[in-house]
Amino acid sequence: RRKGGWTFRLAVGWLVLVLAVTVLGRLLPFVDDPNKKNAKAILKPPSMDHWFGTASFGQDVFSRVVVGARISLFVGFMVTLIGIVIGGALGLFAGYYKGWLDSIVRLMISVTLAIPALLLVIFIVAIRNQSLSTVILAVSLLAIPALARIVRASTLQVADRDYVKAARVLGVKKLSILIREVLPNVMPALVSFAFLSFGIILVAESSLAFLGLSVEAPTITWGSIIAEGRIKFDKTPYMVFLPGAVLFLTVLSLNFVGDQLLKRFDIKESSL
């Protein structure tokens, strides 16, 4: 805590701020309609009236960033949740029961992780419609094997501890041991790594939006705002740098919080 106390608090504070502004959205007095056009304020640089400047049709870029955060964060949350439920279950059962189940899960993880992540996501989105559910499904295929690998490694460690062995000797059923003894001790590792995964998912979704492969307009995401600014970068560099800075700080904060939690729960990289 002494080494990273103030930075950890800053990271948590930033995440709380982003979440609060995103949830409140247009209820805040400084957030306007993100699609409201203003012919008198086209491509204006940042000012007191427009903190992040204005877009091609005079839309307030800050308001677009706030509203766009809803989709970006929702994708991150849903993909992380799917990864925890499915990947966590696969890793938990594979690490505890071992045998043929462990072999199959390890093979699935190895095959999935061997495929270039971005190419896999682009392929899935390209063959399906560009909807929110498709993006969540595609990015989930990246989170599930990664989280399954972490949970499996943690489960292997916990399964060899004395209290688990004692429960087996006493004749407690395997499923009961798994739920009551193993799962509670694996959850810290899973939750800690989930923060790191959340940051990776935000970057993945923004990359898809930047390439025009995420949810279609008029739905706004952080990546689509950056992509729009790239088209007229010489006139609107603020549309790239300012939303990009919000994305960068959010991912950095998620990574820092996840890293501190990993250290707090003493999860060794050598065992992953």
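The values are calculated or read from the model by the stated rules, or taken from the named source; none is laboratory data. Everything numeric in this text was worked out from a predicted model, so none of it was measured. Only protein heavy atoms, including side chains, enter the accessible area calculation; ligands, DNA and RNA are left aside. Shrake-Rupley method; radii C 1.70, N 1.55, O 1.52, S 1.80 Å.
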* Compute log10 of I(q)/I(0) for the stretch 176-272 with the Debye formula, placing one identical point scatterer on every Cα and leaving out solvent, at q = 0.11, 0.23, 0.25 Å⁻¹, to two decimals. => -0.48, -1.08, -1.19
* **Pairs of Lys in the chain closer than 18 Å at Cα, counting only those 8 or more apart or on different chains** => 11
* Accessible surface ranking that places the most exposed of Trp222, Trp14, Trp51 first, with a 1.4 angstrom probe -> Trp51, Trp14, Trp222
* Carbon/sulfur fraction of accessible area - the stretch 44-106, other protein chains in place, 1.4 Å, % -> 75 percent
* To do: Determine the principal axes of the Cα atoms in the stretch 32-106, then give the extent along each, sorted from largest to smallest and rounded to whole angstroms.
  => 68, 17, 16
* Which number do you get for Rg(Cα) / (2.2 N^0.38 Å) in the chain? -> 1.17
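First compute the accessible area of the stretch 131-264 with a 1.4 Å probe, then give the percent of it belonging to carbon and sulfur atoms.
66 percent
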* Asked: What does the accessible area of Leu211 come to, in Å² to the nearest 10, when a probe of 1.4 Å is used?
  -> 90 Å²
* Sum -39500 (n - 2.57) across every DSSP H segment of at least 4 residues in the chain, then divide by the residue count to get the 222 nm mean residue ellipticity, nearest 500. => -22500 deg cm²/dmol
* Quick one: how many Å² of Arg161 are accessible to a 1.4 Å probe, rounded to 10? -> 100 Å²
* At least 30 Å along the helix axis (C-alpha) and Kyte average at least 1.6, DSSP helices within the chain -> 61-82, 132-159, 183-210
* Please report, to two decimal places, log10 I(q)/I(0) for the stretch 6-154 at q = 0.13, 0.14, 0.18, 0.19 Å⁻¹ as given by the Debye formula with identical point scatterers on the Cα atoms and no solvent. => -0.79, -0.86, -1.06, -1.10
* For the stretch 55-141, what's the radius of gyration and Dmax over Cα atoms, in angstrom? -> 17.6, 61
* Would you mind working out the accessible area per residue for the chain, using a 1.4 Å probe, and quoting it in Å²? => 55 Å²
